[in-house]
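*Asks:* If you scroll down you'll find the structure; I have some questions about it.
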Amino acid sequence: MKIVVVIMFCAILSSVSPDSDNMQDTCPTAPGEQSIFFINGYPCKNPTEINAQDFKSTKLRVAGDTDNYLQSNVTLLTASEFPGLNTLGLSVSRMDLERDGSVPFHSHPRSSEMLFVVSGVIFAGFVDTKNKIFQTVLRKGDVFVFPKGLLHFCLSSGFEGATALSFYNSQNPGVVNIGGVFGVDQEHIKNMMRSLITGSGSSSGITDGDVL
């Protein structure tokens, strides 16, 4: 009986963990062509060839290309693009928004997201499973959390562009865009997000001095 309880307890712990725990100090993703083996993660680099550069990335130094309809860009670094993240259960992204830029409703099925505003003003929010909206205005230095799997969005709401960094508790958080799933055009999604700003029934951190 005790053995059964222990097995069930271990199963529960493994099910709530964002990613599997690493079994060695480091495991940078092995370079090369696509593997013929399909595993839950990426093969490790040869330990004798690991160096400090495996744990450094310069891919978020430069702003992304915002010359598109949404006037936004999100550069996501997972264990595939940033070898040192492999088995650590982490990933990171940079979001660049023009003055009227937006990142439409989407979700990350395998991760929660912590958003840190580097510059500008961002109106951000998410919708829970009871269809309650949690939305607020974020400024430089502010942090906001999007819970795992919930639809969320971001809008630039200042007089200038905005930049933010996001951190995820998964080496591959995944992205599900509702526009792609339901065939909804981007203009409709953008207008729908902006309608939330004045919508009723929301939990909002908006104050009189906020720019929208």
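The values are calculated or read from the model by the stated rules, or taken from the named source; none is laboratory data. These numbers were taken from a predicted model, which means no experiment stands behind them. A quick note on method: Cβ atoms are made from the backbone with ideal geometry, for glycine too, and the neighbour counts reach across all protein chains shown. Calculation scope for accessible area: heavy atoms of the full protein, side chains included, ligands and nucleic acids excluded. Shrake-Rupley method; radii C 1.70, N 1.55, O 1.52, S 1.80 Å.
*Asks:* Just wondering, is there one or more residues in the range 64-73 that are of a type in the set (A, V, I, L, M) and open to solvent by 50 Å² or more (accessible area, probe 1.4 Å)?
*Replies:* No, every residue in the range 64-73 fails to be of a type in the set (A, V, I, L, M) and open to solvent by 50 Å² or more (accessible area, probe 1.4 Å).
*Asks:* Hey, another quick one. Working only within the range 115-156, note down all residues that are of a type in the set (Gly, Ala, Ser), open to solvent by less than 10 Å² (accessible area, probe 1.4 Å), under 27 Å from Val62 (Cβ atoms) and in contact (Cβ under 8 Å) with a residue 40 or more places away in the chain.
*Replies:* Matches in the range 115-156: Ser156 only.
*Asks:* Looking only at the range 42-57, filter to residues that are without any contact (Cβ under 8 Å) to a residue 24 or more places away in the chain and not hydrophobic (A, V, I, L, M, F, W, C); which one of those is nearest to Gly161 (Cα to Cα)?
*Replies:* Out of the qualifying residues, it is Gln53.
*Asks:* To continue, here is another question. Mind checking which pairs have a first residue in the range 58-81 that is closer than 27 Å to Thr29 by Cα and modelled with pLDDT under 95 and a second that is open to solvent by 60 Å² or more (accessible area, probe 1.4 Å) and of a type outside the set (S, T, N, Q), Cβ under 9 Å, 6 or more apart or different chains?
*Replies:* Within 9 Å, the pairs are Ala79/Tyr42; Ala79/Leu88; Ala79/Leu90; Ser80/Tyr42; Glu81/Lys59.
*Asks:* Could you check how many residues of the range 95-114 are under 18 Å from Thr66 (Cα atoms), open to solvent by 50 Å² or more (accessible area, probe 1.4 Å) and at pLDDT 95 or above?
*Replies:* Total satisfying the criteria: 1.
*Asks:* Taking Glu98 as the residue in question, decide whether it is out of contact with any Cys (no Cβ under 6 Å at 6 or more places or on another chain), within 17 Å of Ala164 (Cβ to Cβ), among the charged types (D, E, K, R) and touching a residue at least 24 places away in the same chain (Cβ under 8 Å).
*Replies:* Yes.
*Asks:* Looking at Ile7, Ile50, which is the one that is of a type in the set (Val, Ile, Thr), over 26 Å from Glu113 (Cα atoms) and at pLDDT below 90?
*Replies:* Ile7
*Asks:* Take the range 144-161 and flag every residue that is in contact with a strand residue (DSSP E or B) (Cβ under 7 Å, 6 or more places away or on another chain) and either part of a strand (DSSP E or B) or among the basic types (Lys, Arg) (or both).
*Replies:* Phe144, Val145, Phe146, Leu151, His152, Phe153, Cys154, Leu155, Ser156
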